[in-house]
Amino acid sequence: ENNLSSDSRGALIVLEGLDRCGKTTQSSRLLSYLEELGHTVESWRFPDRTTNVGQMISSYLANKSHLDDHTIHLLFSANRWEKRSLMESKLKSGTTLIIDRYSYSGVAFSSAKGLNMEWCKAPEIGLLAPDLVLYLDISPENAAERGGYGEERYEKLEFQKKVAQSYKTLRDASWKIIDATLPIEDVEKQVRETVLNCVEACVKGKPLSELWL
Ligand code: DGP
Ligand code: NA
Ligand code: NA
């Protein structure tokens, strides 16, 4: 086995899904699991609200500012671009990244507003392509019942139905659809099995690639 080769790297694992699908819980459980197995791993999320761009996004999501749909789309994308080089260096140095939302959220949420899908995808071109996208699948109605939505802009049933439709058109070979209506432990089990294969392939030198695949 060549798992000590210089091409060995960390895996880029993305969690996607509707609001309230359980991504945050699964991210933190997956982080602990991979740490226990001895992997170097970090958990990130987008939007990253700590940067200047992230603060503009946060204010928009809280309905404290109003931005044109195209403008906010580009800010979400910029927020991923400002982390791209750090992401690449982490992966190349062997750190696995678990990321809560990525370019698929970018396209699914903006195209749900009626923006052209190809236009939405364009600013994401050249970002690192995930090795695995775990889509936590739950119906919009089921998600809405989970303790209700918060106050944020997109947390409304009618809008989430459109987001679910947009996500369906984005599925590719990197996606694994996980039944997120199962009990937390069962979801976790499905996540673990899929992730181990993915991490293994990256350790063995699967090359990094860029969006869109
Ligand atoms: P979260 O912090 O995961 O709750 O995400 C905040 C909200 O922003 C959530 O409703 C999903 C949405 N969102 C995440 N990324 C993007 C993006 O790139 N573009 C758009 N339009 N919405 C996004
Ligand atoms: Na949210
Ligand atoms: Na969320």
Any hit, the stretch 27-44, residues being touching a Lys or Arg at 6+ places or on another chain (Cβ under 8 Å), of a type in the set (A, V, I, L, M) and closer than 21 Å to residue 174 by Cα: yes
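Which of the residues that make up the stretch 94-109 are of a type outside the set (Ser, Thr, Tyr), farther than 18 Å from residue 49 by Cβ and away from ligand 2 (no atom under 15 Å from the Cβ)? Before the answer, list the steps.
Going through the stretch 94-109, the residues of a type outside the set (Ser, Thr, Tyr) turn out to be 94, 97-101, 106-109.
Next, from what is left, pick out any that are farther than 18 Å from residue 49 by Cβ: 94, 107-108.
Within the stretch 94-109, 94, 107 qualify.
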Matching residues in the stretch 134-156 - criterion: being surrounded by 13 or more Cβ atoms within 10 Å (Cβ to Cβ) and not in a loop (DSSP other than H, G, I, E, B): 134, 135, 136, 137, 140, 142, 143, 144
Members of the stretch 31-45 that are of a type in the set (A, V, I, L, M, F, W, C) and touching a helix residue (DSSP H, G or I) at 6+ places or on another chain (Cβ under 6 Å): 41
Cβ-Cβ under 9 Å pairs, at least 6 apart or on other chains, the stretch 67-88 side part of a helix (DSSP H, G or I), far side among the acidic types (Asp, Glu) and within 16 Å of ligand 2 (Cβ to nearest atom): 79/48; 80/48
Cβ pairs under 8 Å, 6+ apart, first in the stretch 8-36 and within 22 Å of residue 208 (Cβ to Cβ) and near ligand 1 (Cβ under 10 Å from one of its atoms), second part of a helix (DSSP H, G or I) and of a type in the set (Phe, Trp, Tyr): 16/104; 16/167
Which numbered condition residue 160 fails, given (1) closer than 13 Å to residue 20 by Cα; (2) in a loop (DSSP other than H, G, I, E, B): (2)
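Taken together, the values in this text are just the output of simple stated rules run on the coordinates, not laboratory data. Predicted, not measured: the structure shown is a model, and the values here were computed from it. Note: ideal-geometry Cβ built from the backbone for every residue, glycine included; neighbour counts use all protein chains shown.
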